[in-house]
1. How many residues are crowded, with 17+ Cβ neighbours inside 10 Å, in a strand (DSSP E or B) and not basic (K, R) when one looks only at the range 509-537?
2. Report, by residue number, each residue of the range 317-333 that is surrounded by 23 or more Cβ atoms within 10 Å (Cβ to Cβ) and aliphatic (A, V, I, L, M).
3. Restricting to the range 63-83, count the residues that are in a strand (DSSP E or B) and hydroxyl-bearing (S, T, Y).
4. If we keep just the residues of the range 294-339 that are farther than 21 Å from S380 by Cβ and β-branched (V, I, T), which is modelled with the highest pLDDT?
5. Given (1) touching a strand residue (DSSP E or B) at 6+ places or on another chain (Cβ under 7 Å); (2) at pLDDT below 95, where does G164 come up short, assuming only one miss?
6. If E570 meets every condition in (1) closer than 20 Å to D459 by Cβ; (2) touching a residue at least 40 places away in the same chain (Cβ under 8 Å); (3) surrounded by fewer than 23 Cβ atoms within 10 Å (Cβ to Cβ) apart from one, which number is that one?
7. Considering the range 573-587 alone, what residues qualify as being in contact with a Lys or Arg (Cβ under 7 Å, 6 or more places away or on another chain) and over 18 Å from A506 (Cα atoms)?
8. Taking the options G269, G253, G239, G263, name whichever one is closer than 20 Å to L339 by Cβ, in the same structural domain as M157 (by TED's automatic domain parsing) and surrounded by 23 or more Cβ atoms within 10 Å (Cβ to Cβ).
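The values are calculated or read from the model by the stated rules, or taken from the named source; none is laboratory data. This structure is a prediction, so every number in the text was calculated from the model and none was measured. Please note: Cβ atoms are built from the backbone with ideal geometry, for glycine as well, and neighbour counts cover all protein chains shown.
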Amino acid sequence: MRSATIRKACLILLGAAACALPLCGAEKVQPASLTSFGASVEVNVVNVEVYVTDRDGKRVTDLKREDFTASEDGKAVEVTNFASVSSGRNLAAPAATSRSAPAGAPAAAAPRPDPETALSLVVFLDGLHLRPANRTKAVEQIRAFLAKSVRPGDRVMVAAHGLGLRLLQPFTQDVAAIDEALKQAEALAVQGHLEDEARRSAFRAMNAMQSVSPCGLESVRPIDDYAVESRDKALRTVGALTVVINSLAGVPGHRALLFVSDGISITPGEELFQAIAETCGGATEPSESSTGNVDIVPRGGDGGPRYDPQQAALDAQKYSIAKRFEDLAAHASANRVTLYTLQASGLQGFASTGVDVDPGERRLLSRTVQLVQTSNLKGSLTALAIDTGGRAMLDANDLGPELARMQEDFDSYYSLGYTTAHHGDGRQHKVEVKVKRPGLRVRYRPSYRDKPAMEKAVDRTLTALLHGIEDNPLEVAIELGEQTLDKATGTWAVPVRLKIPLYKLAIIHPDEGGAFQGRLRLLVTTQDSQGGTSPVRQVEVPLAISRKEVLNALGQHYLYTLTLKMAKGEQRVAVAVRDELATTTSYLSRAVTVGAAKAAAVR
């Protein structure tokens, strides 16, 4: 049985073979110029989407760049990039025409929507923490919302996580395809109700131990076991979300993710620690006239060690995953992904509130236990939304108004951009945006993490793998060679040959003389037919060209072969080729039928 829910596709890098330079029989290409000699510098531009409303909550759409001020880590920064998006479109004005244009001349072309402001929305269903009825109710309302709100140019992707991460529908503008994927989602198995059963089972086990040794130290063991299991499920969901969010790094447009869940406990098992604290005489539920001061009188026991109810709160914090949610929000902000969290249970459906609760489990219905549980479930949804500049949709059975407010965010916002001196330092940076006009409210992501260059490359490789979005400034070509079967392991060796025009690469000549040098880094990952992805593997490739061969070599391709060991079936391969000197990277992906007799089976 797998300990992790996200399936990992099998990818083993068997070896890499490069043709030595000067290139042996390589196909010649004509260099556009020899200006590739040397390196380039990347400029780090931070973009922040800002939502502005007045005191009545109405959108404010008439602000200009000079109406905003921005700072990073407490220091003022100049807003160099500015865009105002209204009704979901940043319309570029048509080219100016002469006032003396002849009569009957064709009218100026209508302004075209900016593709960078088109919506790229992911609907993510949390199957581990959704209950069947809540899932169906939420999906039905989301279907109705998307059927009328998806505009030309917008794209929607549908993903679900349960026994594994499943991509039900890649990004598409086809409203019918989106609706069909959501219909499939309504039929998927969800496991939120199993969480309720596990909680009640742990409480019953604790009660059984209490009957033998009241408040003995062993009575807390079932709670610990439940907290560990619950934390594991929560981390699996966080892991799946991280994969999807990171893969959005190279997706164009206004990126948003709608996370549909009944809630994930920030501190798994805390409500049961509260219950045992109350049972053993501590943290009891105050009466209406209570002053808040409660005398703790540990009870029970047969003279042996007893559980200290004052320790319960500290014991619960051992299982806190608040930091993981902070990291997830930081990943989202680094990729400019705004999270909208939807509590599918609405005002009902919280665990342990059913009428079928056994009388021995009434402690689970105490006011403080319920408060702890509810606060934990909502806390995760609230944190993810606030920390990315999004919205948390809580306690709503009619989701229409909440989804409409989310749509307002897509339709009306400001994009502010500024440059920073740091680049890829991996640190968290605080952002503050203010509006000079009084009485207005602003919402935006309050911080972001400046991702290192290699982390950006890894994320962008996932974009190519999961979404098929390529970018090939180095003009790399991919050829997949003939596959061979390893009968001992049942896997196939799949050669992936890369052809890279040398004139597209930065080549430097050391001051002390010798060969001209370059440096490449290759990244590769795969995805199987079930959606399982392999870790992104890296290979460093140094280049060396002798002085007398350099001009001839620049008219040729550099050849490199990655041999991947893969399981039989439909797979997808994504490769990134990064020129480390020029800081330029190509991202490509290909589908391949592993186990086919010939490379011609590659699509």
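1. Total satisfying the criteria: 11.
2. Result: L328, A329, A332.
3. Of the residues in the range 63-83, 2 are in a strand (DSSP E or B) and hydroxyl-bearing (S, T, Y).
4. Checked the range 294-339; the qualifying residue modelled with the highest pLDDT is V297.
5. (1)
6. For E570, the exception is condition (1).
7. Residue satisfying the conditions is V573 alone.
8. Just one listed residue meets the conditions, G263.
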